[in-house]
1. I need the full set of residues from region A:65-119 which are at pLDDT below 85 and of a type in the set (S, T, N, Q), in order please.
2. Could you pull out the residue among B:P33, B:P28, B:P43 that is within 26 Å of A:G28 (Cα to Cα), more than 9 Å from every other protein chain (Cβ to nearest Cβ), at pLDDT below 90 and out of contact with any Lys or Arg (no Cβ under 6 Å at 6 or more places or on another chain)?
3. Which condition number in (1) surrounded by fewer than 22 Cβ atoms within 10 Å (Cβ to Cβ); (2) closer than 28 Å to A:A148 by Cα; (3) of a type outside the set (D, E); (4) more than 8 Å from chain A (Cβ to nearest Cβ) is the one that B:N87 fails?
4. Does region A:189-207 contain at least one residue that is under 16 Å from B:V54 (Cβ atoms) and within 11 Å of another protein chain (Cβ to nearest Cβ)?
5. Whether any residue in region A:12-26 is modelled with pLDDT of 90 or more and in a strand (DSSP E or B) is what I want to check.
6. I'd like the full set of residues that are of a type outside the set (A, V, I, L, M, F, W, C) and within 15 Å of the chain's Cα centre (by Cα), limited to region B:79-95.
7. Condition check: in a strand (DSSP E or B) and either in contact with a helix residue (DSSP H, G or I) (Cβ under 7 Å, 6 or more places away or on another chain) or of a type in the set (F, W, Y) (or both). Does A:Y150 satisfy that?
8. If the requirement is being aromatic (F, W, Y) and more than 23 Å from A:Y187 (Cα to Cα), which of these qualifies: B:F88, B:F66?
Amino acid sequence: MKLFVFISLLVAVQYAQAHPVSFEDSVGIMGYHAPKVSHMQVNYSWRHWFATGVHHFSLRTQDEMKSMNLISTNFLVKRWNGSSYQANIYTNLAVGMSDLSQESRPLGMGSVQFDIEDRKYYFLAKYSRLASEASEELTQITLRAGVAPYVANFNDIHSWIIIEWQSNLFLAQDLDVDITPYLRVFYKNVLFEIGHSLDGHMRFNFISHF
Amino acid sequence: MKNLFIYLSVFLFSFMTWADNPPKDHEPHKQKPSVESVKTVNPEKALVKVNGMVCSFCAQGIEKNFRKKDEVKEVSVDLDNMLVTLNFKKGKSLSQRQIQEVIEGAGFKFMEMQHE
């Protein structure tokens, strides 16, 4: 049960951090919802390369509700602005408290993310690690590749088809691999994704910044 | 506790490093765009070439922050040509420095601009 809780929370973190830093003086609201887990996050970008955020997770198990609260710092380490592409390296560090065990315990998470996109193609690679005081460690590797079926301009509705491969390793042992196709749609400052993993899990993710 | 200590240490180290070394791509005053085509006498419109502007969701900050400026009457973003067009209010304008700061504050690379 604890393993399920761990993985669910890390999966939730992954999605809501897909856009870890936005433009200077902006607020970002991100949410991830699956049948048993939800994650709400509010970020403030102090600069275009630095944001802080607060997170609330809730997880419904068979007989109880678990929760986790974190504060995070997100950095844009490096950005390449090309004439037809943009590439980024982000890091994220978060600490907080969770009641995944019988009592409330501190918990930490760190991640590194690389992404590159042009107007037609998109690729993301992310490495994350979640650990609690009780030394339970979960490592997650995520790879995403996307293609836009049409190239849209600034005021149009944008659509992307994305395939995601995700590996979860608990205490350095191979655990599982999950593949999820997504449909991503965004217009102006609102983005959402809906996906259905090959093992049957629905996922919904949204981001808005203003 | 050991893991938390490691995470906190990495965070503090990375933050201190960042304070001294923000991304070089976005240092606001190092880029020197071409000024040959810039007219500065009562321009009504500015065309700004911007690199990295491949995603409309990510480029919302450009539009939003230009709209905050009193001098700007209208702003439009063209992803096809990586171009931001600013229409100024009568008798008002923004300097190249101000425009560059908005572009780079949104996380993009100012290349060059032309007043009309």
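The values are calculated or read from the model by the stated rules, or taken from the named source; none is laboratory data. Bear in mind the structure is a predicted one, so any value in this text is a computation, not a measurement. Cβ atoms come from the backbone with ideal geometry, glycine included; neighbour counts cover every protein chain shown.
1. Answer for region A:65-119, where residues must be at pLDDT below 85 and of a type in the set (S, T, N, Q): A:S67, A:S98, A:S101, A:Q102, A:S104.
2. Only one candidate passes the filter, namely B:P28.
3. (2)
4. yes
5. no
6. Answer for region B:79-95, where residues must be of a type outside the set (A, V, I, L, M, F, W, C) and within 15 Å of the chain's Cα centre (by Cα): B:T85, B:S95.
7. no
8. Going through B:F88, B:F66 in turn, just one is aromatic (F, W, Y) and more than 23 Å from A:Y187 (Cα to Cα): B:F88.
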